[in-house]
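One structure is given below, encoded as structure tokens.
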Amino acid sequence: MGKTPRNPEPAAGTESWADALRGVIRLLPVIVPTALLAFFTIRAVLVKVGHPAATLDDAYIHFQYARAFVEGHPMRYQGGEPVSSGATSQLWPALLAPFYAIGFRGQLMMWPAWILSFGCLGALAYEAYHLGKGLVSDTMAVAAGAMVLAFGGHVWCAASGMEVVPFAWLLARSARRGVEWCESRDVRTRSTWVELSALAFAAPLMRPEGAIASVLLAFVIFGYPREAKLSARAMALLPLAGIALTPLLLLLMTGKTTTSTTQVKLAIGNPYHALVPTFAANARVLAGTLLDGEVWSVEFLPKGGAKIALVSLFAVAVRGAVTKKIERAFAVLVFALAMFVPCTYITFLWNRLRYLWPFATGWFLALACLGETMAMVAQRARRSFSLVGPIFGFGVAGMLAMRLDWVIDDAAASASGIDRQHGQIAAFINKNLPSDARIGLNDTGAIAYFGGRHTFDIVGLTTPTEATYWLGGSASRYEHYERMHRATPSMLPTHFAVYPEWMGNDAILGATLFEATVKDATILGGQTMKLMKADYSRLGTGEAPRRATPSIVDTLDVADLESEREHAYELLSAQEGEQAVDTFADEADPTDPRFADGARSNRRHERFVARLAPGKPHVMVVRMRAASDGDGDVTVRVRAGGKEIGTLAPSTSGVEEETLELPAEVCVDKTDIALEAIGGALTTHHYWFALR
């Protein structure tokens, strides 16, 4: 018999199992705190609400689109409705759809959303550690990962059921793997290229800002090719195509290259917000208020940290130069500075700043670089002073962690607020309204998901025709509903579940059927949401002058966007919120305000084109009211065809109709009309032009 060898070979698979076990053990410093964060946060929500619930209404928009995937009408918010792109993310609903398909319905959809989000939070800390290594010591890289886990913005967003933390992980993974491609030829394999290409596609599908990752990964592959061949550089084209995937998909499905969310929230294309001043104002708020832990960010960041955060960006450059890891430093800087991309939105102050937090990891890495730089400088004075770096890094993590109790309580309170307001409205709708009811909403998530009725999104996220009119303002929406009432009345809501102050259209709101008041949840758009019948009896009542005016040849309906476009109506210095829907009475019965008309307010000047019969005299009738700057009257100078033709004296006590004759010599096919208010401002509703 042969002797048994003293060191037998391990059984097949034993070594791989041992390696896997060691890998899990190495990950315990990430797994354990992440699991604890998830446990305490989810438990707080369950205790407060009594069942799984989202902290943001928008989460239910994603759930509704996930349901749409399963029901076979992707990108249609509800079966039979127009194609829409109301979810912030195109990828997140697709990832959730399989869970809906296997039975995670209703509130149960929160469980896969939570598992994926908190899992990505742990993975984000892991990526932060590995992205920091090389720029900073292992200890400071651990501190960066600790900051990621301790940051309340990440925890709150993981609890929300939204795509925020998964998107942050995609950005961090893209940055880390892209840097590794640059730094080591051994990493430049075909499988890594496939991974980078997948990340370049996934990031913009998760959120449009992910196009930043697509560009950087394409640049990496082009600038650091696998081989010195043109074909190797051409491999950059695939990740670069990630930029075009989302716009192309949206164009094919919706006819537009941007999501409804982007259309509603971007300053580009907004009638009242120019891009450059909007970006500049938002950037000042971000750098001077939010990074300083004030007002909207006080829940998440320590006060007074803005200057330290901004200085840390220079520390990244210093560490890049010292370690000769220029590409790694560049990736961290891009990651951090990308937080300014949402400054192109009208405002990013929604939803606990969820548009900013995906980029927070870049700032935590920058702070780790600052700590490492401080240690490097201090060590020159005395070796033991090198502890200043870890003290700083873990001190920042500690200050962030001190806010977690507040954050977790707020997450639970927010989920409770959504449930007690939107959830109750949805339950009433589901139980009491007829199956063919159509609900007009300004928060379209939970009520659509749980209400079981077709919806009409006033904001335009999930009803794609409405975004333009939401941006226009309350009067533009009223005028739009007038057109719909004439052309497609069945598409109008039968009921509205809204915050009336947001709606700004009391003229079409009827009897209140149900209301839900929540006073202790600041995540809501208002304390009281009301479910009301729609009342369209006033639509169209303001279309004609109150006094009979025969032979009308042209009409400009102010605030009606189509009418304004046809008459080259100039907004001039119009600002958001300067619209009104006025109700007024017949002259014969001043006690019955049965007429209504949309208007633009605070008008000092008016300019537009009227289509008149050339060479014939006309009468101009203007419906308006005035607001005086002082005790005096308001005078309106009127010019037609470049000539001053007279003045109007509008009333400051209510809506009136003023008339003025236009002589034949100024009347042409397209006559330029200009008004100038002196001594006050105008609210203008309608212009009619009739042959005299």
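Readers should treat all values here as calculations from the given coordinates under stated rules, not as data from a laboratory. Since the structure is predicted, the reported quantities are computational estimates derived from the model, not experimental observations. Heads up, the Cβs are rebuilt from the backbone with ideal geometry, glycines too, and the neighbour counts pull from every protein chain shown.
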**Message:** To make sure I understand, if each residue's beta carbon is the centre and we count other beta carbons within 10 Å, what order do Ile31, Ile408 fall in, fewest to most?
**Reply:** Ile31, Ile408
**Item:** Directionally averaged projected area (convex hull, Cα atoms, region 413-534), nm²
**Value:** 6.9
**Asked** Could the peptides 360-373, 192-205, 413-426 be put in order, highest first, of the mean number of other beta-carbon atoms found within 10 Å of their residues?
**Response** 360-373, 413-426, 192-205
**Fill in**
Semi-axes in Å, largest first, for region 552-691 (Cα gyration tensor, √(5λ)) are 23, 17, 16
**Request:** Compute the acute angle (0 to 90°) between the alpha-carbon long axis of helix 474-487 and the principal axis of greatest extent of the alpha-carbon atoms of the chain; round to the nearest 10°.
**Result:** 70
**Asked** Which ³J(HN,Hα) values in Hz, rounded to whole numbers, follow from the phi angles of region 339-350 under the Karplus curve 6.51 cos²θ - 1.76 cosθ + 1.60, where θ = phi - 60° and Gly and Pro get x?
**Response** 4, 7, 4, x, 5, 6, 6, 3, 7, 10, 8, 7
**Request:** Measure nothing but the geometry: give the 0 to 90° angle between the long axis through the Cα atoms of 190-206 and the longest principal axis through the Cα atoms of the chain, rounded to 10°.
**Result:** 30
**Request:** Note the angle between two axes, namely the Cα long axis of helix 164-183 and the longest principal axis of the Cα atoms of the chain, as a number of degrees from 0 to 90, rounded to the nearest 10.
**Result:** 50
**Message:** Per residue, how big is the convex hull of region 610-685 when only Cα atoms are used? Give it in Å³.
**Reply:** 71
**Asked** Could the peptides 660-670, 114-124 be put in order, highest first, of the mean number of other beta-carbon atoms found within 10 Å of their residues?
**Response** 114-124, 660-670
**Asked** Mind ordering 428-437, 602-611 by average Cβ neighbours within 10 Å, highest first?
**Response** 602-611, 428-437
**Which of Lys325, Lys133, Lys519 has the fewest Cβ neighbours within 10 Å, and the rest in rising order** = Lys519, Lys133, Lys325
**Request:** Express the Stokes-Einstein translational diffusion coefficient of region 318-467 in µm² s⁻¹, to the nearest whole number, given a Kirkwood radius over alpha-carbon pairs, 20 °C and a viscosity of 1.002 mPa s.
**Result:** 108
**Item:** Space enclosed by the convex hull of the alpha-carbon atoms of the chain, per residue, Å³
**Value:** 229
**Complete:** antiparallel share of DSSP beta bridges within region 426-544, to nearest 5, in %, is 60
**Request:** Pop out the ³J(HN,Hα) list for region 112-129 in order, Karplus 6.51 cos²θ - 1.76 cosθ + 1.60 with θ = phi - 60°, rounded to Hz; leave Gly and Pro as x.
**Result:** x, 5, 5, 4, 5, 5, 5, x, 5, 5, x, 5, 5, 4, 4, 5, 4, 4
**Item:** All-pairs alpha carbon distance profile, region 16-152, 10 Å steps from 0, percent
**Value:** 11, 30, 29, 21, 8, 1
